[in-house]
Amino acid sequence: MQTTNNNKYPFFDLLEVVAEPDLNFRKLKSLHPVKAGNLVPEFKLSNDYSRWQLFYNGAETHGPISQRNLLSKPLVISFYSRHWGQQGLAQLKQLNNLHHEVKASGGNLLIISDERTEELEKWAWEQSLTLNFYHDANKEIAQQFRVYADEYPVWDRFSGIDENAPLLATYIIEPSKQVIYSHIDWDFLGTFSSEEIISAVYESALISNSRKSA
């Protein structure tokens, strides 16, 4: 009686299997931005004139920047990048509306941008912006505030953005470099509270002035 082999597949020795090299997956890290109560001791601004861009009622001005005056008062710092599109522009509008109130409350306001663009100049004119910009091309300041990292591209979290950019973040720091207010727009539900910004600046300026006069 003839026997048949019902196994249609050839036998093979496991020793003949050649293992493929393990794929190297880059582990993405989460950003842990600076928050209220933290210190930012390394925060410095360059004297390089090309890093500064000032607008007054939409027109670009070329007056001198007094860093001593800028950093001797509560400073509102907001990170901006064109890659955030309308969300970024909405933040600039709100900051523009706050600028005079911030100064009247005893503080200063500075926008940290990752690049200088002609589009911003045109939009500043159209919106009559009165804002001071500092261009952080190498994202050094953004990394100090931990709102940017090469290991954590923002496109991994946010849809509609195809370039890595600093988070839409707003801070207030005292002359001592301590952060007294922080806001990150994680979910595009709106930007910071204008009332909270003005209140924090006013209280900080009041305390700072009382210390100077003591």
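Every read-out reported here was derived from the displayed coordinates using simple, explicitly stated rules and does not represent laboratory data. Being a predicted model, the structure only gives us computed values, none of them experimental. Note that each Cβ is placed from the backbone with ideal geometry, even for glycine, and that neighbours are counted across all protein chains shown.
Structural remarks
- Sorting 100-111, 199-210, 32-43 by their mean Cβ neighbour count within 10 Å, with the most densely packed peptide first, gives 100-111, 199-210, 32-43.
- Rounded to 5, percent antiparallel among DSSP beta bridges of the stretch 66-213: 50
- In this calculation the C-beta distance from Ser50 to Ser213 is compared with R0 = 45 Å, giving a FRET efficiency of 0.75.
- The gain in end-to-end length when the Lys177 to Gln87 segment is fully stretched comes to 29.6 nm, 0.36 nm per residue minus the alpha carbon separation.
- Cross-link check: pairs Lys44/Lys122; Lys35/Lys73; Lys44/Lys73; Lys35/Lys122; Lys44/Lys103; Lys103/Lys139 evaluated at a Cα-Cα cut-off of 24 Å; pairs beyond the cut-off: Lys44/Lys122; Lys35/Lys122; Lys103/Lys139.
- Count Lys and Arg as plus one, Asp and Glu as minus one, and take only other residues whose Cβ is under 10 Å from that of Ser105; the net charge is then 0.
- For the stretch 135-185, applying the loop criterion from DSSP together with a ceiling of 16 other beta carbons within 10 Å to the GluC sites (Glu not before Pro) yields Glu151, Glu163.
- Kirkwood hydrodynamic radius over Cα pairs of the stretch 102-212, then Stokes diffusion coefficient at 10 °C and 1.306 mPa s, in µm²/s: 100
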